[in-house]
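The values are calculated or read from the model by the stated rules, or taken from the named source; none is laboratory data. The shown structure was predicted, so the numbers you read here are calculated from the model rather than taken from an experiment. In this analysis, Cβ positions are derived from the backbone assuming ideal geometry, glycine residues included, and neighbour counts consider all displayed protein chains.
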Amino acid sequence: MRSQFLTVASISGFVALSFTQSSTPSLEDVLADTENLSSFNELLTTEFSSLIANISNQQQSQQYVTLLAPSDSAFDRLGSSSIFADNSTEAIEAFLNYHIIPGDHQSSTVNQSFGFFPTRLDDTTYTNVSSGQRIGFVKQGDGELIIVSGGGTRSSAERTDIYFSGGVMHVIDSPVLPPQPFIQAAIPFNLTGFLGAGYQNQSLAEFITQARDVTLFVPNNIAFEKVGSTVTSIDEQSLSSLVNYHIIVGQGGPFYTSSLINGTVFTSVQGQNITVRQASNSNFVNSARVLQTDLLIANGVMHVIDNVLNPNGTGAVPDPAVGSQAPAMTGTSLADTPFTDIIPSLTSTLSIASTTSSTGTGVTGTGVTGTSSTRRASSTRSSSTGQSTQTGTAPRTARDGAIMGGVIAVWMFL
């Protein structure tokens, strides 16, 4: 009697499961039947049908995915000057793979704290992040689902939780943009002082751009101006050491906001420790206040801070009652941001591809110490003050750019 009951129960469960799977439409049907998705549907079905087949096959292994589907109006925002203008199959496929997230990320599973998840974008021409380039999910207080991608771009979900046989789909109002190499990502956020300091030595610049799973704590331009006389007077090796103190490679990273836990200690590429502290609803690194978090770059993530960190002052602690923290090193302020005169143009073709591993060995194994090339400390003033906000967003303008295998592709947002 017991055996007979188990058999009936098993058959009932099988029938229920089969009914559920057979009643869920295929991805092809969902794309065709969902309003305002004709551009995305045409692109996938006519040129990248293999992606559809791959997603659909996830049902058999129960390895479901989350698909972010840009609406027709989102595609219109890309304009004619985009990755599609070059008609590069590889670049477009990378773009599409960044819209595919392994796992079933229904809107109900997203909370009001940022979560960053691996995507299908793992081509080393476009990313150097282990397990796939990350993308951010957060739910606002009103329940709106927000997706954060390269350049601080924020996409809103117009429709959520559209189920298909291989997973779940969210329709978004703007495409998610694969993160750019640091050189492109730094400029719109007025981080050119740190960028220029890194470019005092070409090997160090390559290390910053090519190291895998990198976390950067980047002082804004105001921070560099405050200690301008000091940073422009030290020799190249000391400057490289200073820059390396702001870099963490590997160690289980990249480290996003969720990893910035009070008391956490990271070892910098320079060798000295960096300590995370939390007070008054703010994050601090040593004594520097974190102004912006989770700005995704091609090989990891960067966080903007209000101070140049001092490798000779690892015990510095913040004063949470003060909005802008005092400099961690002595020096006379400069009117202009140092090192910005040697910023390479956006036509630079510095590749993000490298042979580094997630252990953080990087280009040289321990970072780069400068011993060659003549340093130029003269400055040019940015049109902006260099002060960052805490939103982590950037305006949707034609400034968004991405190096795709050494070719600049401009993402137009109208």
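A few comments on the model shown:
- Residues located in region 248-295, provided they are more than 21 Å from ILE208 (Cα to Cα) and in a helix (DSSP H, G or I): SER258
- Count of residues meeting criterion [in a loop (DSSP other than H, G, I, E, B), crowded, with 16+ Cβ neighbours inside 10 Å and in contact with a Gly (Cβ under 8 Å, 6 or more places away or on another chain)] in region 105-123: 5
- Condition check for SER131: more than 20 Å from LEU216 (Cβ to Cβ), surrounded by fewer than 16 Cβ atoms within 10 Å (Cβ to Cβ) and either of a type outside the set (A, V, I, L, M) or touching a residue at least 40 places away in the same chain (Cβ under 8 Å) (or both): no
- In region 114-125, the residues that are under 18 Å from ALA185 (Cβ atoms), of a type in the set (Phe, Trp, Tyr) and at pLDDT 95 or above: PHE116
- When GLY315, GLY271, GLY263 are screened for being surrounded by fewer than 23 Cβ atoms within 10 Å (Cβ to Cβ), over 21 Å from the mean Cα position of the chain (by Cα) and closer than 22 Å to LYS226 by Cα, only GLY315 passes.
- Any chance THR192 is within 20 Å of the chain's Cα centre (by Cα), polar (S, T, N, Q), over 23 Å from GLN251 (Cα atoms) and buried (at least 24 other Cβ atoms within 10 Å of the Cβ): yes
- Test: residue in region 267-281 that is touching a residue at least 24 places away in the same chain (Cβ under 8 Å), closer than 20 Å to VAL129 by Cβ and in the same structural domain as VAL322 (by TED's automatic domain parsing): yes
- Looking across region 195-222 at every residue that is over 14 Å from the mean Cα position of the chain (by Cα) and of a type in the set (S, T, N, Q), the one that is surrounded by the fewest Cβ atoms within 10 Å (Cβ to Cβ) is identified as GLN202.
- Residue match in region 142-159 (condition: of a type in the set (Ser, Thr, Tyr), surrounded by fewer than 21 Cβ atoms within 10 Å (Cβ to Cβ) and not assigned by TED's automatic domain parsing to the domain that holds HIS303): yes
- Condition met for VAL249 (in contact with a helix residue (DSSP H, G or I) (Cβ under 8 Å, 6 or more places away or on another chain) and either buried (at least 23 other Cβ atoms within 10 Å of the Cβ) or not charged (D, E, K, R) (or both)): no
- PHE137 touching a His at 6+ places or on another chain (Cβ under 7 Å), without any contact (Cβ under 8 Å) to a residue 40 or more places away in the chain and assigned by TED's automatic domain parsing to the domain that holds PHE40: yes
- Listed by first and then second residue, the pairs with beta-carbon distance under 9 Å, at least 6 apart or on different chains, first residue in region 240-251 and small (Gly, Ala, Ser), second part of a helix (DSSP H, G or I), are SER240/ALA197; SER240/GLY198; SER240/SER203; SER240/LEU204.
- Some residue of region 41-64 being under 12 Å from GLY166 (Cβ atoms), within 26 Å of the chain's Cα centre (by Cα) and either at pLDDT 95 or above or not in a helix (DSSP H, G or I) (or both): yes
- Among the residues of this structure, LEU67 does not count as one that is among the aliphatic types (A, V, I, L, M), assigned to a loop (DSSP other than H, G, I, E, B) and at pLDDT 90 or above.
- Residue in region 220-239 that is within 15 Å of ASN299 (Cβ to Cβ), part of a loop (DSSP other than H, G, I, E, B) and at pLDDT 95 or above present: no
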